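Report on the structure given below.
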Amino acid sequence: MQRYGWIIGLHPDRVEDYKREHAAVWPAVLRMIKDCNIQNYSIYLRQFPDGAFYLFSYLEYTGTDFDGDMAKMAADPTTQEWWAVCKPMQVPIANAKEGEWWADLEEIFHCD
């Protein structure tokens, strides 16, 4: 099992929209997450002192082909529709890598 953490900004005027959408994630999107060997998936929200909002996501990947499973998810029409709803609410962090939407976080500690 591999753990992943990611971070992205959230437009301040879309915080309530984002919360509302994630209070009722589409069942087909949830199925695809599980079909792509993802478990224990969470998203957290934090407002920083400068007023900016950031989302932190954590997930555990239990498969053997992360890139393949992520490609499967990205090719799913319902997931694409879901992302079309969510993406306009998000803003990549300033130092995201080329082509990176949610920026990878380095795991520096873990305790079971």
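A few notes on this one:
- Some residue of region 27-50 being in contact (Cβ under 8 Å) with a residue 12 or more places away in the chain, in contact with a Lys or Arg (Cβ under 7 Å, 6 or more places away or on another chain) and of a type in the set (Ser, Thr, Tyr): no
- Among (1) at pLDDT 95 or above; (2) not in a helix (DSSP H, G or I); (3) not acidic (Asp, Glu), the one test that MET70 misses: (2)
- Meets criteria (touching a residue at least 12 places away in the same chain (Cβ under 8 Å) and acidic (Asp, Glu)) for GLU98: no
- Restricted to region 38-62, and to residues there that are surrounded by 14 or more Cβ atoms within 10 Å (Cβ to Cβ) and small (Gly, Ala, Ser), the residue that is nearest to MET89 (Cα to Cα) is ALA52.
- Within region 51-65, the set of residues being closer than 16 Å to CYS86 by Cβ and either among the hydrophobic types (A, V, I, L, M, F, W, C) or modelled with pLDDT under 95 (or both) comprises PHE53, LEU55, PHE56, LEU59.
The values are calculated or read from the model by the stated rules, or taken from the named source; none is laboratory data. None of the values given here were measured: they were computed from a predicted structure. Note that each Cβ is placed from the backbone with ideal geometry, even for glycine, and that neighbours are counted across all protein chains shown.
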